Amino acid sequence: MAANSARPGRTLVVFFLALGIAFGLVALAGSWKPQLGLDLQGGTRITLVAEGDPSEESLEEARGIIDQRVNGSGVTESEVTRQGNRFIVVEIPGDSNRRDLIEVVQRQAQLRFRLVACDQTTVCGTGAATTPLDPSAAPTGLPTAGASDPAAEPTAEPTGAGEGKKGKKNQGAANRAPLSYLTKAGEETPAPSETPAPSDAASDATESPSGSPSATPSEDAADQSDEERFQSALAFMNAPDQSYVDAFNAFQCPADGSQPQVEDNPDQPLVTCGVEGEKYLLSPAIIEGTDLTDASHGIPQGDVNYVVTLDFNGHGRQVFADATGAIAGTNQRFAIVLDGAVISAPTAEQRITGSAQIFGDFTQQDAADLATSLKFGSLPIAFEDDPSAETVGPTLAGDQLRAGLTAGAFGLALVMLYCLFYYRGLGIVVLLSLGVAALWTYALVLLLSETAGFVLTLPGIAGLIIAVGVTADSFIIFFERIRDEMREGKSMRVAVESGWKRAKVTRLAANVVSLLSALILYIFATGVVKGFGFALGLSTLIDLAVLFWFTKPAVSFLGRYKFFNGGGKLSGLSAETLGTDVEPVPAGGRA
């Protein structure tokens, strides 16, 4: 005899509890309206103009990187297209801050790690924080770093941290890794902004001084081995050439807090500014952005602030470990330089062999933007400083959205009426299942809009409407299996279990095919077609969840009542409905 379903009532309770939690999260997010795409609500159009005469390959590569940036953190369905030989047009749905959007799509994202030879708190090359070169600008304290080996003993928290400027966008800074990797620091960095032309002193400081500094790489630095490059940078940190020290002393950071225009040549020392206007003399780069394998953002365990996590390849990890080992316990620092600006300059208390994190006063969007730019790399071309940005309206009229929703509601109503007419009492399960599927879809769309940038376009809505047919197909397969089993003389409770074993295999196979189709569309398509694939895949997963954790337990639960297992006339399982003269066997009948 087929085994009965175990505790269907408990499964239903857990299912509705999960649904309640989902809507609780929606309430916490505070938005009960899904985000709409360009075709339904319009958005912002940014036109980037390339400098010079870039090749077609470079322009296409830049377009691809920008497309990955704006769509890389979710299904925003932004559109990135080339126009002519110099223009890239980015259309992003919604009312996002234009300045932030421009900064994300235009950012060069050149990341480098350098050693600090001089700053406003130290005598060049000594690492001592007791003799500031410029006492009026000295920060209040230095960030520190700890070990990244989880087996290492936890490090002490730093004794001081800079206050940081408040009210700036994209603030963030010090380097910090999970658990005991790096200890917390308090520097912050504003979002890159349009930089004014540097002052004469700044211009002079950014040019290589005459003569070849004794501790700097030679002109054929590219031919040096990694070890030679690191040792050369280490020697420059400990004993910078006087010509660079003079350039550092003459350098002045802009008084308005913006970053000066500097030439970030990885093979040469760099004089630049930090996020609070402090100036630095840095060694040649010891780690390049090409050594970065991944960048992500999140809130570490036991913390409350967002961080950007950087993962290096084997070479990057080794150099990072050597650098932190060389400066451990000396108060000397290494600098994380993004697009020529120092966003973090921590010390190290011991050798660090793990991942690095940029820590600061990030909002979720700030951290996501920085991680996305770093993850998808630097643009191969530069763009003019003042891209045009304008608000664009929806490409589809509001009546088309209403027509699509009306069509979906009408189709759903027809499916429900047909199921009630054909399956009678069992049709109630269909109505409830479709309703529950609709609630789950609505909750997940809202949550994904808040967390993954998912937007609804007309093709996406079409993908969700298609799910109505997919879900109804699941009911038909299951119910017909039950009726076939009962035609053989089995009771409903037995027929539900034996029919389920056959129906679920068929349903799983059909849904796997649907998921594969959705996955292919999501991976290889772009724009609204990608959104359609995502919506189709989401609705298919919801169909499986509803089938396994609601429809099946609900039918098993109804099988306990005589109206159904006794073949009531309106149950949909009577002899007349089954097309046989054999009355259904009472519960517990033959299998």
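The values are calculated or read from the model by the stated rules, or taken from the named source; none is laboratory data. For clarity, every value in this text was computed on a predicted model and none was experimentally measured. Heads up, the Cβs are rebuilt from the backbone with ideal geometry, glycines too, and the neighbour counts pull from every protein chain shown.
With the structure loaded, tell me whether V496 is of a type in the set (V, I, T) and either assigned to a loop (DSSP other than H, G, I, E, B) or touching a helix residue (DSSP H, G or I) at 6+ places or on another chain (Cβ under 7 Å) (or both) or whether it fails that test. Against the criterion (of a type in the set (V, I, T) and either assigned to a loop (DSSP other than H, G, I, E, B) or touching a helix residue (DSSP H, G or I) at 6+ places or on another chain (Cβ under 7 Å) (or both)), V496 qualifies. Selection within the range 322-370: residues that are of a type in the set (S, T, Y) and within 18 Å of F230 (Cα to Cα). The member of this set that is farthest from the chain's Cα centre (by Cα) is T330. Scanning the range 333-362 for residues that are surrounded by 24 or more Cβ atoms within 10 Å (Cβ to Cβ), farther than 13 Å from F312 by Cβ and in contact with a helix residue (DSSP H, G or I) (Cβ under 6 Å, 6 or more places away or on another chain) yields F334, A348. In the range 1-108, counting only helices (runs of 4 or more DSSP H) that sit wholly within it, the ones holding 1 or more residues that are at pLDDT 85 or above span 8-29, 56-71. Answer yes or no as to whether V455 is more than 35 Å from the chain's Cα centre (by Cα), buried (at least 18 other Cβ atoms within 10 Å of the Cβ) and of a type in the set (V, I, T). Against the criterion (more than 35 Å from the chain's Cα centre (by Cα), buried (at least 18 other Cβ atoms within 10 Å of the Cβ) and of a type in the set (V, I, T)), V455 does not qualify.
Quick one: would you say S433 is hydroxyl-bearing (S, T, Y), in contact with a Ser or Thr (Cβ under 8 Å, 6 or more places away or on another chain) and either in the same structural domain as L17 (by TED's automatic domain parsing) or modelled with pLDDT of 80 or more (or both)?
yes
Scan the range 472-519 residue by residue and report those that are β-branched (V, I, T) and touching a residue at least 60 places away in the same chain (Cβ under 8 Å). Answer for the range 472-519, where residues must be β-branched (V, I, T) and touching a residue at least 60 places away in the same chain (Cβ under 8 Å): I482, V494, V496. Wholly within the range 194-257, which helices (runs of 4 or more DSSP H) include no fewer than the required count, namely at least 1 residues that are at pLDDT 50 or above and over 39 Å from the mean Cα position of the chain (by Cα)? Ranges flagged: 226-238, 242-250.
For the range 308-360, taking the residues that are free of Cβ contacts under 8 Å to residues at least 60 places away in the same chain and assigned to a strand (DSSP E or B), the one that is farthest from I286 (Cα to Cα) is identified as D311. Confirm whether S449 is among the small types (G, A, S), in contact with a helix residue (DSSP H, G or I) (Cβ under 9 Å, 6 or more places away or on another chain), assigned to a loop (DSSP other than H, G, I, E, B) and touching a residue at least 12 places away in the same chain (Cβ under 8 Å). Spelling it out, it is not the case that S449 is among the small types (G, A, S), in contact with a helix residue (DSSP H, G or I) (Cβ under 9 Å, 6 or more places away or on another chain), assigned to a loop (DSSP other than H, G, I, E, B) and touching a residue at least 12 places away in the same chain (Cβ under 8 Å). In a residue-by-residue description of the range 291-300, the property of being touching an Asp or Glu at 6+ places or on another chain (Cβ under 6 Å) and either over 23 Å from A368 (Cα atoms) or not small (G, A, S) (or both) applies to at least one position.
Checked against (1) at pLDDT 80 or above; (2) out of contact with any Gly (no Cβ under 8 Å at 6 or more places or on another chain); (3) not β-branched (V, I, T), Q400 passes all but condition (1).
For the range 258-307, a tally of residues being surrounded by fewer than 17 Cβ atoms within 10 Å (Cβ to Cβ), within 27 Å of the chain's Cα centre (by Cα), outside any strand (DSSP E or B) and acidic (D, E) returns 1. Within the range 389-439, being in a helix (DSSP H, G or I), among the β-branched types (V, I, T) and surrounded by fewer than 17 Cβ atoms within 10 Å (Cβ to Cβ) holds for T406, I428.
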